Amino acid sequence: MVVVRIVFQTKWGKAQVAVDEFKRAAEMMRRATGTNTHVRIYTDLSGPFHTVVQEIEVESLAKWEQLRAAMFSNPEFQESELSSGLEFESGRTEFYTLEQAW
């Protein structure tokens, strides 16, 4: 199992807008791919202000590439704020191997 974490720093006061868009994108992903992928969305309680994290669990990096390709080719996603660019300051993608869950 692979955990993909997409970490964004939004501009001041824009974290909730990003959260709302990530929620819409998660629903688009489910409709477009027909999968029930585990998605979590976090906001900061400490550390850098206005941080939004989207965490997605997938079977493999190959599955991640399939989901990503499906999302970016989806017309609904292409018209959303996420593809047109919210007011992000910076961002990164992190990949982890899930060793144990309980």
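Readers should treat all values here as calculations from the given coordinates under stated rules, not as data from a laboratory. Keep in mind it's a predicted model, so treat the numbers as computed, not measured. Cβ: placed from backbone, ideal geometry, glycine included. Neighbour counts: every protein chain shown.
Over the Cα atoms of region 2-97, the radius of gyration divided by the Kirkwood radius equals 0.95; this is the Rg/Rh ratio. Label separation (VAL2 vs SER90): 2.5 nm, computed from points 7 Å beyond Cα along the C-beta direction.
Ordering of 66-78, 8-20 by packing is 8-20, 66-78, highest average first (other Cβ atoms within 10 Å, averaged per residue).
Only helical runs count toward this figure. For the chain, summing -39,500 (n - 2.57) over DSSP H runs of n ≥ 4 and dividing by all residues gives -11500 deg cm²/dmol at 222 nm. Spin-label model, LEU98/VAL17: points 7 Å from Cα along the beta carbon direction are separated by 3.2 nm.
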